[in-house]
Amino acid sequence: MIEIKTYDSSFFAKDAFMSLMQKVNLCFTPPPLSDSVDLGAYSEKLYNHALFVAAEDNGEIIGLTAYYRNSEANQLYIPLICVDSSSRSRGVGSMMLNRLTELSAEGFSSIALEVKKTNIPAYQFYKKHGFIEKEDRGEKLLMEKTI
C-alpha cells in the first residue's frame, strides 16, 4: 500500500539523503538530472532548504517531491518531483501533488514548477493537474497551479 508522507530534511540522515538523490538522478527521463546540475551541490541545497513529500511502498521511497515555501509569493515551489520508473502509472505523482495541494491550504495560493519543453509526458501530467504555462524560460516553461 502506498503511503504519502511529508518530511523535513531532519528525517533523513545526510548520507542516506545523498544516496536517495543518486537514485532520483536515475529516475529522470534521459538525460539524468546530473547532466544539468552538479548533483552533490544540488542535493546539499535541497537537504538544507527544502521540505519533502515522499511516496512510500512497504517502507521504500518510490516517489519524492522537494518543495520550498515562498511566503512572500504565497506559493509552494517544486524544484524536484520524481517517481521510480517501476512505480509509474500507479498514481504516485498525483498523490504527491494532491498532498501539496492540501499543504497549500495553510495559506499558500499557488504551486509552481519548471518543466523542460522536451519532457512532453511531464508537461501533459502537469496540465492534467491544472498547471498552466506562466513564463517561457528558454529550454523550460514555468507552470503554475492556483489553489
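The table below lists the values:
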item: Length added when fully stretched, residue 137-residue 15, from 0.36 nm per residue minus Cα-Cα; result: 40.6 nm
item: Positive-end residue of 12, 123, 109, charge dipole of the chain with Cβ unit charges; result: 123
item: Vicinal HN-Hα couplings computed from phi for the stretch 34-49 (Karplus, 6.51 cos²θ - 1.76 cosθ + 1.60; Hz; Gly/Pro x); result: 5, 6, 10, 9, 6, 4, x, 5, 5, 4, 4, 4, 4, 4, 7, 10
item: Bridge type composition, the chain - antiparallel percent by DSSP, nearest 5; result: 90
item: Gain in span if fully extended, residue 8 to residue 106, counting 0.36 nm per residue against the direct Cα distance; result: 33.6 nm
item: In order through the stretch 118-132: 3J(HN,Hα) via Karplus (6.51 cos²θ - 1.76 cosθ + 1.60), integer Hz, x for Gly, Pro; result: 7, 8, 4, x, 5, 4, 5, 4, 5, 4, 4, 9, x, 7, 10
item: Net +/- balance of residues flanking residue 130 in space, Cβ distance below 11 Å, scoring K and R +1, D and E -1; result: +2
item: Reduced Cα scattering model of the stretch 43-96, Debye log10 I(q)/I(0), q = 0.14, 0.23, 0.28, 0.31 Å⁻¹; result: -0.40, -0.89, -1.09, -1.19
item: Solvent-accessible ranking of 39, 26, largest area first, probe 1.4 Å; result: 26, 39
item: Candidates per GluC sites (Glu not before Pro) in the stretch 40-147, loop by DSSP, up to 16 other Cβ within 10 Å; result: 72, 106, 139
item: Directionally averaged projected area (convex hull, Cα atoms, the chain), nm²; result: 8.5
item: Probe 1.4 Å, all protein chains present, accessible-area order of 65, 6, 118, largest first; result: 118, 6, 65
item: Cα-based equivalent ellipsoid, the stretch 1-70: semi-axes from gyration tensor eigenvalues, Å; result: 19, 15, 11
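The values are calculated or read from the model by the stated rules, or taken from the named source; none is laboratory data. Keep in mind that this is a model prediction, so the values were computed, not measured. Glycine gets a Cβ as well: all are built from the backbone with ideal geometry, and neighbour counts include every protein chain shown. Accessible surface areas use protein heavy atoms only, side chains included; no ligands, DNA or RNA. Shrake-Rupley method; radii C 1.70, N 1.55, O 1.52, S 1.80 Å.
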